[in-house]
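Quick note: the coordinates plus some simple rules give every number you see, no bench work behind them. Since this is a predicted model, take the numbers as computed values, not measurements. Please note: Cβ atoms are built from the backbone with ideal geometry, for glycine as well, and neighbour counts cover all protein chains shown.
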Amino acid sequence: MIVSWNWLKEYVRLDMSVESLTDRLMMSGLNLESVDDVDGDLAIDLEVTSNRPDCLSHLGIAREVSVLFDRPFQTPPAHPQEKGPKIATVTSVDNQATELCPQYFARLVRGVTVGPSPLWMQRRLKTLGLRPVNNIVDITNYVLMECSQPLHAFDFDKLDGRKIVVRRGVAGETITAIDQRQYQITPDMCVIADARRPVAIAGVMGGLDSEINAGTTSVLIESAEFSSMAVRSTARKLSLHSDSSYRFERGIDRQGLDWASRRCAQLILDLAGGELCTGSLFAGSQVASQREPIVLRLSQIPRILGIEIDKETIIRILGSLGLTDTQSHFAGTVAFSPPSWRRDLSREIDLIEEVARVHGYEKIPEDVRVPMEVSKSTLRDQLIQRLANVLLAAGFHEAVTITFVGDDLASLFRPWTDAAPMRVEHSSRQRENILRQSLVPSLLACRAQNERHKNLNAQLFEFSRVFLGTEPDRPETQPTLLSFVSGRSFAEMKGLIESLVRATSREARIQTRPSDRPEFIPGRGAEVLLSDKRLGWLGELAPLVRQKLDLQDAVTVVELDIGVLEGIANFWPPYQAVPEFPAIGRDINFLLDEAVTWQEVEDVVRASAGPLLETVSFVSQYRGQGIPADKKSYVLHLQYRAKDRTLTGEEADRAQQAVVSACVQSLAAVQR
């Protein structure tokens, strides 16, 4: 941003040297590129960061100088006299694309005389490297460089239908811009049109057919807000960039459009004559007059900056920057509403940075002791690492997927809540703007992508937060989940869950409860419980779900709540000596009703076997020839061991018989 020294003096008193001015600006974040003498004026080239679009103007730099040097700031007048007929009786504005153009102001000046702009204006524009054209065009450029609001002036008599239409482009449309080059318009672009054709590429450049020339007598002034993303996309597609597009891409003062329009009209009346129609036309949505307050805890100033700054100084600095004190000073806090031109101020840390910047970074001693703590991993961090190690050892690969999903994935698998998912209104990902409620769909999409590249049976897992409700401040609505997908069987994946739980706590055991969720194949889905709390879900995907993602092979999915595992985590169990005495193994083959689950069998075995039972494990199941249709066969392996002696066969047989009797009585089992 090039600033004219002589121009800057209109808004703030410059009684310091240019070196002192630029040094102070550099210390506050506006780095100096160069200072050049241009016909007796100084062109000061400053590097403006993308988060400070307010400094892309003389008024913005003048505000900074006013604050840094404690000088009064003067805003130029913008009160043009309106003597013409009401503008609504002469023309109209139809905004058909409010998502691309939230605000559009129009004013009309009739009876102007187009000619050279005065020498003082030409000199100021030349200092900035701009070529003077005529008084009307020069005024729009002048106001742009004055307040950073892009403007455009149309020759009103060249507008077909004497109206303005803000709309999306139509496929096949073309426009010849004022650079005399023709550009192809597409439907994702915003254009300013009359009743017949486009007359400007919104936010980028005006059209040749409606430009101001020596014969112009009526001028329609456009002051609008165009979507930053839309302008950036259009400028890139057309390889067409301008001072206007540069500012729209970074964001403008949403409450400054009307002032810029009035300022432009005032200068046109002063320098080109004419009659201003009464009122203005507005098409779009009104902007809130005041932004949400930001609360600043005064205790954060010394904690972050390392120095004490008194409350009065903090209030004075923030007030001088244009922030509005809400007078809500409670328990060591202050609250300020940012001005409309400071789009970069939204958090407490932003206010702390402003206080430090204006107070002076050089006033912060280099030897200030900043409190430091040795970082250490939390219990959750340790738990996640242990679980990841188990999965990596089992042949899985960790995936990292984005938090946003589209409608197709969002509805694919969401067992944790029935609440509607949250959508981000202004996401750069227009098709994927939903905060996911499960990790499973994202992993399934990754697996499908691997299948398309012939990387078959990709076993993937991921740890991440999900967003279950519309109250993001409540921790229970943002649980951290572990999800993993594989082509392994239901039983294998259940065994893997048991390994994960054992890695968390050796004493913990899971239970499963059949689930009728439609995403699972009937009879192959389960809710996983831990200490009567829902730990998660396990199931083999139904073919219909696989078809939605073009998954060719069978897939079993697991999703677990890390918070539940964290509640029972015990990584350092009591020391247990290696067994001194041998174990005795016994197998049992039961004929059971189809409705009896493995969990029920295991519970009965553990409850009846007594203290000699060391482990019980599932060996196999059988259905088919020799087995009734409503029955199934389970083979179990039981291992017995005494800690203080060599176990005898008779003792193992008695424990085994107790197990058989209990299963017969409780489960109607038949020993085969």
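With R₀ set to 56 Å, the beta-carbon distance separating Arg517 from Asp39 gives a calculated FRET efficiency near 0.10.
Ignoring lysines fewer than eight residues from Lys311 along the same chain, the ones with Cα atoms less than 26 angstrom from its Cα are Lys363. How many angstrom lie between the Cα centre of region 378-407 and the Cα centre of region 452-469? One Cα centre to the other: 9 Å. With R₀ fixed at 25 Å, the C-beta to C-beta distance from Ser17 to Ile307 puts the FRET efficiency at about 0.30.
Just report the Cα centroid separation between region 89-118 and region 594-672, whole Å. Result: 87 Å between the Cα centres. Students often get this wrong, so try it: which of [x] 24.5, 73; [y] 34.2, 117; [z] 36.5, 118 is Rg and Dmax of the Cα atoms in Å as calculated from the structure shown? Checking each listed value against the structure points to [z].
Looking at the square roots a ≥ b ≥ c of the eigenvalues of the Cα gyration tensor of region 156-299, which shape do they give, rounded for a/c under 1.5, prolate if a/b is larger than b/c, or oblate? It would help to have the intermediate numbers written out before the result.
On the way: a/c = 2.04, a/b = 1.24, b/c = 1.64.
Oblate shape, in that a/c is at least 1.5 and b/c is the bigger or equal ratio.
Helix 348-359 and the longest principal axis of the Cα set of the chain meet at an angle near 40°.
Given 0.36 nm per residue, what is the gain on full extension from Trp120 to Gln449 after removing their alpha carbon distance, in nm?
Values: separation 329, 0.36 × 329 = 118.44 nm, distance 6.41 nm.
Stretched fully, the Trp120-Gln449 segment lengthens by 112.0 nm.
Of Gly284, Val90, Thr186, which is farthest on the positive side of the dipole of region 82-284, counting Cα position, with +1 on Lys and Arg Cβ, -1 on Asp and Glu Cβ, and the Cα centre as origin? After comparing all options, I get Thr186. Oblate is the label for region 294-363, because a/c, from the alpha-carbon gyration tensor with a ≥ b ≥ c as root eigenvalues, is 1.5 or above and a/b does not exceed b/c. Partners of Lys126 within straight-line reach, counting lysines whose Cα lies under 29 Å from its Cα and excluding those fewer than 8 residues away in the same chain: Lys9. If R₀ is 35 angstrom, what is the calculated FRET efficiency for the pair Glu498 and Arg645, using the beta carbon separation as r and rounding to 0.05? So the FRET efficiency works out to roughly 0.70. Remark on Ser117: its backbone amide H falls under 5 Å from those of Asn135, a criterion applied only to residues 5 or more positions apart or on other chains, H modelled at 1.01 Å from N. Each of Glu600 and Phe69 was given a label point 7 Å from its Cα along the Cα-to-Cβ line. The distance between the two points is 8.8 nm. Applied to region 269-275, the Karplus parametrisation 6.51 cos²θ - 1.76 cosθ + 1.60 on θ = phi - 60° returns per-residue 3J(HN,Hα) values of 4, 6, 10, 10, x, x, 10 Hz, with x for Gly and Pro. Listed by chain and number, the lysines whose alpha-carbon sits under 19 Å from that of Lys548, ignoring those within fewer than 8 places in the same chain, are Lys454.
Here the sum of -39500 (n - 2.57) over DSSP H runs of 4 or more residues, divided by the residues of the chain, equals -9000 deg cm²/dmol at 222 nm, to the nearest 500.
Here the extension length gained between Gln478 and Lys86 equals 135.6 nm, from 0.36 nm per residue of separation less the Cα-Cα distance. Put in order of Cβ neighbour count within 10 Å, fewest first, the listed residues Arg123, Arg488 become Arg123, Arg488. List, in the order given, every pair from Lys494/Lys533; Lys86/Lys158; Lys376/Lys533 whose Cα-Cα distance in the structure shown is over 22 Å. Checking Cα-Cα distances, Lys376/Lys533 exceed 22 Å.
Explain nothing, just the number: relative contact order of region 2-68, from Cα pairs under 8 Å at least 6 residues apart, as a whole percent.
Numbers: 72 pairs, mean separation 28.2, N = 67.
It comes to 42 percent, rounded to a whole number.
Put in order of Cβ neighbour count within 10 Å, fewest first, the listed residues Met27, Met1 become Met27, Met1. Straightening the chain between Met26 and Phe571 buys 190.9 nm, computed as 0.36 nm per residue apart minus the Cα-Cα spacing.
Seen against the Cα atoms of the chain and their longest principal axis, helix 18-27 is set at about 20 degrees.
Once you charge only the Cβ atoms, +1 for Lys and Arg and -1 for Asp and Glu, what is the size of the charge dipole of the chain about its Cα centre, to the nearest 20 debye?
Values: 76 positive and 88 negative charges, 230 e Å.
So the dipole magnitude of the chain works out to roughly 1100 debye.
As a proxy for reagent exposure, ranking Trp416, Trp120, Trp341 by other Cβ atoms within 10 Å from fewest up yields Trp120, Trp416, Trp341.
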